[in-house]
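The values are calculated or read from the model by the stated rules, or taken from the named source; none is laboratory data. All values reported here derive from a predicted model rather than from experimental measurement. Methodologically, a virtual Cβ is constructed for each residue, glycine included, from the backbone with ideal geometry; neighbour enumeration extends over all protein chains shown. Note: areas computed on protein heavy atoms with side chains; ligands, DNA, RNA excluded. Shrake-Rupley method; radii C 1.70, N 1.55, O 1.52, S 1.80 Å.
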Amino acid sequence: MTRYFDHNATTPLSPAARSAWLQAEDRHWHNPSSLYREAGLAAHALDAAREELAGIIDTEAARIVFNSGATESNNTLFAGLARCLPPDASVAISAIEHPSVRQAAQAWLGRARVLDIAVDGQGIVQPDDLRAFLQRHKPALVSIMAASNESGVLQPWPDLLAICRGHGARFHCDAAQWFGKLPAAGLGACDYLTGSAHKFGGPKGAGFLMLADEQESFPLLHGGPQETGRRAGTENYPAIAAMLAALRESEAEIPRAMSAQPLLRDAFFARLQSALPGLRLISDTAPRLWNTLLMVMPRHSNLKWLARLSRRGFAISTGSACSSGREGSSVVVQALGADWEELRRVVRVSGGRYATAAGWQALAEAFEETARELDEGGRP
Ligand code: PMP
């Protein structure tokens, strides 16, 4: 029974990914740019991985650039836009984007050129609001995540994409949290797309950026001609093979997770709510990832909950790992109108696709015991 409930931060390497990685390290460890037969086979395998990913998301392989993960993808995009957009053009991002979108956009383009698109009280970008925003501000690009790493809220990205098309704005989707949890088919319709292997059972340090077309080139790293000149540095084929194996495996498991996991998660929340009156679920009526609960605890700081649960062997989080340790710094929760006092009490629970009823129950018991201990003012 796993006590790991922080899958939105990272996931353990899946068995399929592990064996694909080992096999690739054995067979295709050669440099794909070298000119002998074995290197050619590695280059071939790399092409096959690109084709497979393109098939899963419904796009052309030549749009995909493999890299080190979502942070690199998001930086590459905004650095590229900073070079090619006219100086007066702006970009718009939702109020709940990950720091690797928000801070990258602001760093590469300058704060004045990065506009915020508001979310509603549930954390969703409403299509009508986006339409009105586009008419008024006319940004060159809109960046909206597919699923929130913090609340798990799902954005209606196909509708948002269609609206952007109608207004001549390009659409970037950071789908780091969507991949592996919901079907990836159709994501290739976006203009730009970000993915990261370690969020779905692949290794850390592997991911990809899908560009708008086959010619576009936004190199962030300069050097060799790898990735058709779009990302210098020897390709990490074993990590890419492992990422594809993890994606293949999770795509096959998604239907089962989507039907079983929300029930287990919601039973956990119902139990906790009756044990801890005043417990609040953020984005409670919105469509959400099947594994995520972002909760405001009725009392005691999130770091106290976290430390006590950790002593019992359970891993949860105070919000995204990117803001953990900094109590109450969650942009998502702020965008949803929580006050500063509440921010200190926010915890995130994110289960895996194989979480069991027993695992969720054990977590509920651990929360209940922790509540008793904290209420009695035990060891800090
Ligand atoms: N975007 C989102 C939505 C994420 O959840 C994360 C990881 N927390 C990232 C980007 C950054 O991913 P990586 O670790 O691959 O750089």
What size of dipole, in debye to the nearest 20, comes out for the chain about its Cα centre when the only charges are +1 on Lys and Arg C-beta atoms and -1 on Asp and Glu C-beta atoms?
700 debye
Sticking with the crude label model, points 7 Å out along Cα→Cβ, report the distance from Thr356 to Leu263 in nm, one decimal please.
1.7 nm
If I take R0 = 45 Å and measure r between the Cβ atoms of Arg131 and Arg280 in this structure, what FRET efficiency does the formula 1/(1 + (r/R0)^6) give, to the nearest 0.05?
0.90
Quote the relative contact order of the chain in percent (integer), defining contacts as alpha-carbon pairs under 8 Å separated by 6+ residues.
23 percent
How much of the accessible area of segment 15-248, in percent, comes from carbon and sulfur atoms when a 1.4 Å probe is used?
54 percent
May I ask you to give the solvent-accessible area per residue for segment 15-248, in square angstrom, as obtained with a 1.4 angstrom probe?
39 Å²
Computing the accessible area with a 1.4 Å probe over protein heavy atoms, can you report the carbon and sulfur percentage for segment 254-376?
54 percent
Can you compute 3J(HN,Hα) from phi for each residue in segment 361-369, using the Karplus curve 6.51 cos²θ - 1.76 cosθ + 1.60 with θ = phi - 60°, rounded to whole Hz and x for Gly and Pro?
5, 4, 5, 4, 4, 5, 4, 5, 5
Stretchable slack from Asp58 to Asp213, in nm (0.36 nm times residue separation minus alpha-carbon distance)
54.5 nm
What are the semi-axes of the equivalent ellipsoid of segment 1-151, taken as the square roots of 5 times the eigenvalues of the Cα gyration tensor, listed largest first and rounded to whole Å?
36, 22, 14
Choice from Gly110, Gly352, Gly80 with maximal GNM fluctuation in the chain (Cα, 10 Å cutoff)
Gly110
If one takes the longest principal axis of the Cα atoms in the chain, at what angle in degrees, from 0 to 90 and to the nearest 10, does the Cα axis of helix 70-84 lie?
50 degrees
Shape category assigned to the chain from the gyration tensor of Cα positions, a/c cut at 1.5:
oblate
